[in-house]
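What follows is a set of notes on a single structure, which appears directly below.
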Amino acid sequence: MLVRGRIGFDYDYEHEHEHDLGTPVIQTTKLNKNFDGKHAVIDLDLSIAAGECFCFLGPNGAGKTTTIKMLTGLLQPTSGTAVIAGFDIQSEPTRAKARIGYIPDRPYLYEKLSGRDYFTFIGDLFGIDRAKQKRLLDHYFELFRLTPAIDQFIENYSHGMRQKLVFATALMHEPSVLVVDEPMVGLDPQSVRTIKKLLRAEADSGRTIFLSTHTLSVAEELADRIGVIHKGKLLFLGTIDELRHNLAREGNLEELFLLLTEEDESNPEGLW
Amino acid sequence: MSFAAFLSLFARLKWRQANNLILGLRRHLWVHFAIGMLVLIMLVGGGTTVFTIIFNFLMKQDVFGRPLMDRLVRMVLLAFFSMLIFSNLIIMLTTTYISREVEFLMSQPIRHRYLFFAKLVESIVYSSWAFVILSFPLFLSMGRSREIYEWQYYAWVVMLIVPFLIIPASIGSVLTLVITAWFPPRRMLRLAIVLALVGLVGAALLQRFYGLAHILRYGTGQPSELGQVMRFLGIGDIPILPSSWLGRGLLAAEAHNHHVAALWASALWSTAAMGLVVCDWLAGPLYYHGWCNARTSGSARRRRAGGLYVLFDRILFWLPRSVRAMVTKDLTIFWRDPGQWGQLMILCGLLFIYMANLRSASGVGEFRKLIPFWQSIISMFNIGATSFVLSILTTRFVYPMLSLEGRQQWVIGLAPVPRTRLVWVKFIFSWLASLAVTLPLALLSAWMLKAEYFIYGLSMLTVLAVSLGLSALAVGLGASMPNFNEDNPSRIANGVGGTLTAILSLIYIGTTLALETPWVHAFLVPQSIDSGTMRLVLIASIPAWAVLQLFMIIVPMAIGLKRWKRMEF
């Protein structure tokens, strides 16, 4: 299956995103990050295919957000590479970023812009023509029920509204990869449902979803594969069934996750 | 919890925060310390020198020197008093009603009155430190010029100043309490800035019509003119104002009249105590109401679709799409933030005063008939003043621009544009904006002085070059030393990076003017070129000037771009 998403860039790289389902869209090789000698991420090797919904799990401080920031080019790896849709995020950052939609866990936005201003600003940064912006604005603001607040300053938005606004702007340039950090925090149940359906639909249509979350029920519901990171090391990579098999336990993801991370605490030599 | 216990807890919290801030700076602690000391020495040393020169001059004037000096001091104290009320008003509004910290503290089991008083103490500290630093040279040089060396005088200074600082703080607090109960604080902040501007322009007009410039123009010997000066300075001596009491108290202390000094100190202390009691009465019923008012009003109302953003976007249609988006966003945010444009308005007010005075200076007449030495001095001063205004613009507004991207950096950081484009956009935008303000100013001031074409040309050249250099310096240092933890542009500009930008800007302007001085002198006194040394200085100054300008553009930008490219967010 071929997935296409055309973007109207005014840059020199106007072209289509084309990825066969199954071909790697996110690829990291021996990715490392040290902060003042402390290892935040250690030798991370990941390969995530087009159309896959990948859930990245781990306790607080495990290295999830650091990994995400390296994938999106907001942090430089100490060593190793991260390739997004065929472009190394360090050597070809603009091409790689054109293919990423990012939703951070704490969306700091321009407080003195209205929702409409912000949407237009992002649209212009990504070179999307105004007619298309207008269509997308109507569509996403309606979808996320933001229309009544469209001309209010962002400083008056609740956390959930900000999160939804960021979702809308992250999707507008039809990225190949959607990187989402803690998507459900602060959202009302209706919005949680909308986001879950949206993420699943996006993955089904061929977009790669890289989802970092603590909400294990969401991961259980959405993930094609999961990765569990703890103290910077990838403890497990595979499906939830494979995790059950590896641990020789039945049960839900929460029990498996706790078991895996607790066993790692008692297994500091990294035998897993 | 008792009030004393809460105040002590609050003070410990602030102390711990300040301590952690200093610990956080430990990597460049000596740089911070050196810059801080340099600024302090410049302010105190410079201030003391200027005041000592003025006071010594006045004390030598037998008949009117002494009373003129007394009235001048009271005038300065009145200016301080008004500024203190205004700064307390602004600080109380921002720290007591709009701050996020109060949101947390309100959720704690603390009486609203206690919280308000803790914030009042904080406001006194924040608004007074500048007064203390600025007034220190005033009192020191006053004592020196009158040859007062007894410690009692300085003890009286402290006894009189402390209540003098509390009174404007309580006036500002009462004003905020009363007005926020009916008006939203954000709107009131705008109102306060407009009031300040009106006050500034009013003061400029007053100065224009009754100013010393008028007297200086016609000499000072005539009794009627002296009377006019005294009447003008008498404005500072309004008996019902605490600034007047402070002035009289200082006078009594100086004359060893301790009973009278004690009387004025009592007047100040009792008024300060009354101010605090009134605050206490009002804080109970009004503070919580006003604070809630701040959360339920303001900019939440529905706005007209597009508005400013669309307007700027249309004006900038000729720019490439991504650059236009960045500039439009900056302009929109700037005009929607009263804290930012308020500063600009106050700066415009200062420019107005400067221009009004220049008009008087030109009226001193016949700029061209002045001796060449004074012509050079006035021309260079004029170019210097324009450059100085430019340096204020770049330090206050340009330097914080990249820091303000801070927590939102991920937004542009994720866009498919080279990371350094943002730095270039800020540089070009700030250069054009500063040029738009200062080029007409330079032209206008040269025109007012009825200067020669050479001076016109030199002013243009200097503004053009210095605007590039200062923009590069502010953007380069802003990219090298950003402060991403602060979202208040004034605090960013007041930080170490901002102070360093200000100091380097002044050194740069000073060096540029020093290198231009031989050109002006050679133009006004052509025969001076005959001297071998003068010719050598003139020839050497031209390439030195060019090298300096190139250095100031290339080096800060190169460092800034390199650091910004490597920056992690």
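Can you confirm whether segment A:214-235 contains a residue that is assigned to a helix (DSSP H, G or I), under 20 Å from A:Phe54 (Cβ atoms), of a type in the set (S, T, N, Q) and at pLDDT below 80? Taking every residue of segment A:214-235 in turn, none turns out to be assigned to a helix (DSSP H, G or I), under 20 Å from A:Phe54 (Cβ atoms), of a type in the set (S, T, N, Q) and at pLDDT below 80.
For segment B:102-115, the count of residues that are open to solvent by less than 10 Å² (accessible area, probe 1.4 Å) and charged (D, E, K, R) is zero.
One line per residue, one yes/no per condition, for (1) within 23 Å of A:Arg162 (Cα to Cα); (2) touching a helix residue (DSSP H, G or I) at 6+ places or on another chain (Cβ under 9 Å); (3) within 11 Å of another protein chain (Cβ to nearest Cβ); (4) at pLDDT 90 or above:
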{"site": "A:Leu44", "(1), (2), (3), (4)": "no, yes, no, yes"}
{"site": "A:Lys64", "(1), (2), (3), (4)": "yes, no, no, yes"}
{"site": "A:Gly73", "(1), (2), (3), (4)": "yes, yes, yes, no"}
{"site": "A:Asp88", "(1), (2), (3), (4)": "no, yes, no, yes"}
{"site": "A:Ala98", "(1), (2), (3), (4)": "yes, no, yes, no"}
{"site": "A:Gly101", "(1), (2), (3), (4)": "yes, yes, yes, yes"}
{"site": "A:Arg106", "(1), (2), (3), (4)": "yes, yes, yes, no"}
{"site": "A:Glu111", "(1), (2), (3), (4)": "yes, yes, yes, no"}
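All of B:Thr52, B:Thr96, B:Thr48 fail the test of being at pLDDT 75 or above, assigned to a helix (DSSP H, G or I) and closer than 22 Å to B:Ile166 by Cα, apart from B:Thr96. Of the residues in segment A:176-193, not one is over 19 Å from A:Asn60 (Cβ atoms), part of a helix (DSSP H, G or I) and in contact (Cβ under 8 Å) with a residue 60 or more places away in the chain. Of the residues making up segment B:525-535, one or more are touching a residue at least 24 places away in the same chain (Cβ under 8 Å) and outside any helix (DSSP H, G or I).
Name the residue that is farthest from B:Gly143 (Cα to Cα), counting only residues in segment B:26-45 that are open to solvent by less than 60 Å² (accessible area, probe 1.4 Å) and modelled with pLDDT under 75. Restricting to residues being open to solvent by less than 60 Å² (accessible area, probe 1.4 Å) and modelled with pLDDT under 75, the top hit is B:Val31. Filtering B:Ala155, B:Ala196, B:Ala203, B:Ala213 for residues that are closer than 29 Å to B:Val121 by Cα and at pLDDT below 80 leaves a single hit, B:Ala196.
Residues in segment A:119-133 that are part of a helix (DSSP H, G or I) and either at the interface with chain B (Cβ under 7 Å from one of its Cβ atoms) or under 11 Å from A:Met172 (Cβ atoms) (or both): A:Phe119, A:Thr120, A:Phe121, A:Ile122, A:Gly123, A:Asp124, A:Leu125, A:Lys132, A:Gln133. Filtered by the rule that a residue be away from chain A (no Cβ under 14 Å), open to solvent by less than 60 Å² (accessible area, probe 1.4 Å) and closer than 22 Å to A:Ile89 by Cα, segment B:422-450 gives a lone residue, B:Val423.
Scanning segment B:460-495 for residues that are surrounded by 20 or more Cβ atoms within 10 Å (Cβ to Cβ), of a type in the set (S, T, N, Q) and at pLDDT below 85 yields a single hit, B:Asn483. Evaluate segment B:409-421: report whether one residue or more is under 27 Å from B:Leu504 (Cα atoms), modelled with pLDDT of 80 or more and more than 14 Å from chain A (Cβ to nearest Cβ). Within segment B:409-421, none of the residues are under 27 Å from B:Leu504 (Cα atoms), modelled with pLDDT of 80 or more and more than 14 Å from chain A (Cβ to nearest Cβ). Evaluate the following for A:Gly206: is it within 19 Å of the chain's Cα centre (by Cα), part of a loop (DSSP other than H, G, I, E, B), without any contact (Cβ under 8 Å) to a residue 40 or more places away in the chain and more than 11 Å from every other protein chain (Cβ to nearest Cβ)? Considered against the rule, which asks whether it is within 19 Å of the chain's Cα centre (by Cα), part of a loop (DSSP other than H, G, I, E, B), without any contact (Cβ under 8 Å) to a residue 40 or more places away in the chain and more than 11 Å from every other protein chain (Cβ to nearest Cβ), A:Gly206 comes out as no.
Filtering segment A:242-254 to residues that are under 13 Å from A:Ala219 (Cα atoms) and either open to solvent by 90 Å² or more (accessible area, probe 1.4 Å) or assigned to a helix (DSSP H, G or I) (or both) leaves A:Leu253, A:Glu254. Within segment B:113-142, residues that are under 30 Å from B:Asn56 (Cβ atoms) sit with their Cβ atoms under 7 Å from residues that are open to solvent by 30 Å² or more (accessible area, probe 1.4 Å) and assigned to a helix (DSSP H, G or I), at 6+ positions apart or across chains, in these pairs: B:Ile133/B:Leu43; B:Ile133/B:Val44; B:Phe136/B:Val44; B:Pro137/B:Val44; B:Pro137/B:Phe51; B:Leu138/B:Phe51; B:Leu138/B:Val76; B:Ser141/B:Phe51. In segment B:313-339, the residue that is nearest to B:Pro489 (Cα to Cα) out of those that are of a type in the set (Ser, Thr, Tyr) and modelled with pLDDT of 85 or more is B:Thr332. Kindly provide the set of residues from segment B:547-569 that are away from chain A (no Cβ under 14 Å) and either open to solvent by 40 Å² or more (accessible area, probe 1.4 Å) or outside any helix (DSSP H, G or I) (or both), ordered by number. Within segment B:547-569, B:Val547, B:Leu550, B:Phe551, B:Ile553, B:Ile554, B:Val555, B:Ala558, B:Ile559 qualify. Checked against (1) open to solvent by less than 10 Å² (accessible area, probe 1.4 Å); (2) over 14 Å from the mean Cα position of the chain (by Cα); (3) at pLDDT 90 or above, A:Gly58 meets all criteria but (3).
Note on segment B:136-182: residues that are open to solvent by less than 10 Å² (accessible area, probe 1.4 Å) and among the hydroxyl-bearing types (Ser, Thr, Tyr) total 6. For A:Gly80, the conditions (1) within 14 Å of another protein chain (Cβ to nearest Cβ); (2) touching a Leu at 6+ places or on another chain (Cβ under 6 Å); (3) part of a strand (DSSP E or B); (4) not basic (Lys, Arg) are fulfilled apart from (1). Taken together, the residues in segment A:137-161 that are under 29 Å from A:Phe87 (Cβ atoms) and buried (at least 19 other Cβ atoms within 10 Å of the Cβ) amount to 2.
Test A:Glu52 against the stated conditions and say whether it is surrounded by fewer than 24 Cβ atoms within 10 Å (Cβ to Cβ) and either modelled with pLDDT under 90 or in contact with a Phe, Trp or Tyr (Cβ under 6 Å, 6 or more places away or on another chain) (or both). Considered against the rule, which asks whether it is surrounded by fewer than 24 Cβ atoms within 10 Å (Cβ to Cβ) and either modelled with pLDDT under 90 or in contact with a Phe, Trp or Tyr (Cβ under 6 Å, 6 or more places away or on another chain) (or both), A:Glu52 comes out as no. None of B:Ser445, B:Ser459, B:Ser480 is within 30 Å of B:Val31 (Cα to Cα) and touching a residue at least 24 places away in the same chain (Cβ under 8 Å) except B:Ser480.
The values are calculated or read from the model by the stated rules, or taken from the named source; none is laboratory data. All figures in this text were calculated on a predicted structure; none of them were measured in a lab. Using ideal geometry, Cβ is built from the backbone for each residue, glycine included, and neighbour counts are taken over all protein chains shown. When the accessible area is computed, the model is the full protein with side chains, heavy atoms only, and any ligands, DNA or RNA have been set aside. Shrake-Rupley method; radii C 1.70, N 1.55, O 1.52, S 1.80 Å.
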